Number of protein chains: 2
Amino acid sequence: MARTRRSVTIIDVAKAAGVGVSTVSRVINNKGYVSEETHQRVSEVIDDLGYAQNLAARSMRSQQTNLIGLIMPDVTDPFCIELMRGVSRAIIELDYDLIIYTNGDIRRNDSNTRMQQYVSILNSSVADGVIIVIPLADDFPPVSPVVSIDLNINHPSGPAVIATNYQGVREAIDHLFELGHRRIGYIGGRMELMSGVQRQKAFEDAFKEAGLPLDDRLMLPGEFTFSAGYQRGLELLSLDEPPTAIFASNDQAAKGVYQAASELGFRIPDDLSVVGFDNIPEAAYMGLTTVDQHVEQMGYMGTKMLYRLIQEDDPEEDIYQIETTLVVRGSCQPFDH
Amino acid sequence: MARTRRSVTIIDVAKAAGVGVSTVSRVINNKGYVSEETHQRVSEVIDDLGYAQNLAARSMRSQQTNLIGLIMPDVTDPFCIELMRGVSRAIIELDYDLIIYTNGDIRRNDSNTRMQQYVSILNSSVADGVIIVIPLADDFPPVSPVVSIDLNINHPSGPAVIATNYQGVREAIDHLFELGHRRIGYIGGRMELMSGVQRQKAFEDAFKEAGLPLDDRLMLPGEFTFSAGYQRGLELLSLDEPPTAIFASNDQAAKGVYQAASELGFRIPDDLSVVGFDNIPEAAYMGLTTVDQHVEQMGYMGTKMLYRLIQEDDPEEDIYQIETTLVVRGSCQPFDH
DNA sequence: GTGCCGTGTGGAAACGTTTCCACATTCTTC
DNA sequence: GAAGAATGTGGAAACGTTTCCACACGGCAC
C-alpha cells in the first residue's frame, strides 16, 4: 500500500547545479533566457541524478501537458481498436502523446458513472483535451476541450465525429432489396446513441419508401455486441418463417449472427444473407458485406478537431460527418421468390 | 494554448458547505471522523456544484490512485492489442482502472527516450504501478512497482513476464525438420530484447543438435515488424537457391513474408512453408502455423504480478514464464528432396 | 473535580512544479 | 555617456489536494 518512493525533484537538481529552481525549470522547458553554460551544467546534473518530471505537479501548475486523453469503454472491442489507430496516427503528426483511460468493460456495473467521473478527472488533471468514444453517460461537466465519437441522444450537439449512419444503412438495405430480399431481420444497436437511432430510422424508412410492410417480429433490439447478435440471431432464425437476410447494426453483432446461423445449420450466404456495419478488419476475413464507416478516419479526424479546440481556433464544423461506403463481399446472395 | 478552465475546487465546496477543507476531504475519501449530518450536507454541496477531484493534485499528495499504467510503443500492433486484452481482464477483477500511455509508434524518432521518460513520469505521478511492454529503452530509474513484458537484454532481471521463447522455437523448427525441410530461412527480431535473442539461439541450436550446417545467407536480422518481414522475405526468396521454409520471429513479420511470397509468385504452402510466432488473432484467418505464446495471458499475469508488487507482498517469482504451444495450421507442407 | 479517551472539526504545512516579479548585468543606440 | 532594451538569474506565490496537528467538547473512571 505504502509507496516509499522518494524521487529526485527539481529542487535537488537546482541545489546540485548551484542554481535556482526557476533556472532548472527554464532549462527543462527550453523557454526563457538561460546561458549556454548554465544550460549545459544543469543538463548534466539532470542526467546524473536521473531526474524525471513529475507530471502531476507539472500539469497542476502549468495547464499544458501535450497529452491527449482518450476515454473508451472497452479496449478490447474492434471498433475501439480501429479508432485508436486513427487517434494514434494523428497524435504522431501533432507531436502529442496519448493517454488512454478505460475501465475495461462497457458492461462493468458502474461503468457509466466511472466514465463520466474520469472525463472530468482526466480533463482537469492531466490531459489538454479528451476524446470520448461512445458517450454512454448522458451527462458530464462541460469542461473544456472534449470531442466525442458518436453522440449521446440526449446531447445531440458537438463537437463530435459521426458517420452518415442513415445513408449507410439505406444503401445496405437497398442492396438487399436489389438482391430480391423482402424478409429482412434487423438487430438494433444501443438506443442511447445517435448511431443506434439513426440506423434504425434508416431501416424503417427504407421499407416505408419501398412500400413494403415492416414486420415487428423481425426487428429486435440489440446493443452492438457479439452476444446480443448471437442471441437475436438465434431468435430470428428460430421463427416459423425466418428472414432470408439479416442486417446487424454492427459487425460484432454480425459475428454473433454467424455463430447463431452456424449452430442452427444455416449456411451463409446460401440460406441466409448477412450485412453488418463498421467494416472492422475481421470483416474482410469473414467475407462480410458491411457498411464501412472508416473508423480509423473517425479517430484521426476527431483528434485533429480536438487539437484545434485546444488551440482555441474554434473548429469550423461542430459535427464532422464521415461518409460511409458499402463494401460488398460474399455474405449476401440473390434471393428468388 | 491557454486553458481558461476554472473548475470547482475542494475549497469552493468547503466554503459553500460552511466547513473546513479537511472535512470535505474526509467526506470524499470516507476516512476519519465526520458526523452523519456534516457528511450529508457536504455530499449535497458536492453534487450541486458538480465538483470533480483533481487527479493531479490528489496523486501528488496522496500517492494512491487505484490506477495501473500500461506503457506501450504502439497501440496499433496486434501483439500489444492482445496484451491489452489480458491487462483489461485483470484490472476488472482487481477493481482498478487502466491508463495507457503510448507515443504512437515504435519507430518515432525519439521513441525510446520518451518511453523511458514516461515510465518515471507515469509512475511517480499518476499510477500506482506500471507495466512496460517491450522495454526497448535499456535503462530507466528504478522507481517503484514496475513489471515488464519481455525483457531488455541489458536488464535481464525481473519482475517480468516472458514466454518460453527457446522451447517454442525449438518445437517449431523440429516441426519443419520433421516435414523434411532443411533449407530454412530465419528472419530475426529485435536483438535488444530477450525474446529476439532467445529465438535466434534456439534456431541455431536446433541446427547444431541436428548436425545440420547453418547457412549465413538464410539468417537475416529483423525487427518484429511487417515491413522488415516483407523486405527480408523478398531477399530470401530472391536467392539463387531460396529456402523451402521460413521461420519468422513473429507473426507480423510472417505477414510480411506472405506479402513478399505473393509478389514473387511463391504459393504458400506449396512452394514455401511459413512459421510465425505469437499466434495473433489474424494468424487463424491466415492459416498460419505459429507458436502461441498466450499473449492475453501474459498481460493478465503481468497485471496480477504488478498488483502484488503494489501491495508489497513480493511476488513469489521474479520472472513468470508462460509456456508456449505450437499451433499447426495450413502454412506448412512436407518437402520432398 | 481532575485526567483521559473518543469523537468531531478547522488551520496550515507539504507535495513538485511553473510563472510572476524583481534585480543584475551587458549591449545598443542616440 | 546616459537611457533603455536584451539577457540572465533567483525568490516566492500559486496550483488543489491530503494529512498532521491542535483544539474543543462530552463522558467516564478514579
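The values are calculated or read from the model by the stated rules, or taken from the named source; none is laboratory data. Quick caveat, the model's predicted, so the values are computed rather than measured. Positions of Cβ are generated from backbone atoms using ideal geometry, with glycine treated the same way; all protein chains shown enter the neighbour counts. Just so you know, the surface numbers come from the protein's heavy atoms only, side chains and all, with ligands and any DNA or RNA stripped out. Shrake-Rupley method; radii C 1.70, N 1.55, O 1.52, S 1.80 Å.
Details
- Hits in the range A:261-286 - residues which are more than 13 Å from A:A248 (Cβ to Cβ) and either in contact with a Phe, Trp or Tyr (Cβ under 7 Å, 6 or more places away or on another chain) or of a type in the set (D, E) (or both): A:E263, A:D270, A:D271, A:E282, A:Y285
- Scanning the range B:11-25 for residues that are away from every other protein chain (no Cβ under 12 Å), modelled with pLDDT under 85 and more than 10 Å from DNA strand D (Cβ to nearest atom) turns up nothing.
- Total residues in the range A:45-84, condition more than 12 Å from the chain's Cα centre (by Cα) and more than 10 Å from chain B (Cβ to nearest Cβ): 6
- Pair list, Cβ < 8 Å and 6+ apart or interchain, from the range B:190-204 residues that are without any contact (Cβ under 8 Å) to a residue 40 or more places away in the chain to residues that are not in a helix (DSSP H, G or I): B:M191/B:I153; B:M191/B:P221; B:E204/B:L214
- A:I310, sole failed condition from (1) under 22 Å from the mean Cα position of the chain (by Cα); (2) at pLDDT 95 or above; (3) buried (at least 21 other Cβ atoms within 10 Å of the Cβ): (2)
- When residues of the range B:279-292 are limited to those that are touching a strand residue (DSSP E or B) at 6+ places or on another chain (Cβ under 6 Å) and either aliphatic (A, V, I, L, M) or at pLDDT below 95 (or both), the one surrounded by the most Cβ atoms within 10 Å (Cβ to Cβ): B:V291
- Boolean, B:A260 is surrounded by 24 or more Cβ atoms within 10 Å (Cβ to Cβ) and in contact with a Leu (Cβ under 9 Å, 6 or more places away or on another chain): no
- Residues of the range B:31-62 that are aromatic (F, W, Y) and within 12 Å of DNA strand C (Cβ to nearest atom): B:Y33 alone.
- Of all residues in the range A:15-30, those that are within 12 Å of DNA strand C (Cβ to nearest atom) and out of contact with any Ser or Thr (no Cβ under 7 Å at 6 or more places or on another chain) total 10.
- The residue that is nearest to DNA strand D (Cβ to nearest atom), counting only those in the range A:33-62 that are touching a residue at least 12 places away in the same chain (Cβ under 8 Å) and part of a loop (DSSP other than H, G, I, E, B), is A:N54.
- B:D271 being of a type in the set (D, E, K, R) and open to solvent by 10 Å² or more (accessible area, probe 1.4 Å): yes
For every residue, the table says whether it meets (1) among the hydroxyl-bearing types (S, T, Y); (2) in a helix (DSSP H, G or I); (3) under 23 Å from the mean Cα position of the chain (by Cα).
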position	(1), (2), (3)
A:V169	no, yes, yes
A:D205	no, yes, no
A:I246	no, no, no
A:Q259	no, yes, no
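- Verdict on B:E323 being more than 14 Å from chain A (Cβ to nearest Cβ), within 22 Å of B:S195 (Cβ to Cβ), open to solvent by 10 Å² or more (accessible area, probe 1.4 Å) and among the charged types (D, E, K, R): yes
- Just one residue in the set B:I134, B:I184, B:I153 is at pLDDT below 90 and crowded, with 18+ Cβ neighbours inside 10 Å; that residue is B:I134.
- Odd one out for A:I28, checked against (1) within 31 Å of the chain's Cα centre (by Cα); (2) open to solvent by less than 60 Å² (accessible area, probe 1.4 Å); (3) at pLDDT below 85: (1)
- In the range A:217-244, the residues that are open to solvent by 20 Å² or more (accessible area, probe 1.4 Å) and outside any loop (DSSP other than H, G, I, E, B): A:R217, A:M219, A:L220, A:F226, A:S227, A:Y230, A:Q231, A:R232, A:L234, A:E235
- Of the residues making up the range B:72-89, those that are under 16 Å from B:F224 (Cβ atoms) and open to solvent by less than 10 Å² (accessible area, probe 1.4 Å) number 5.
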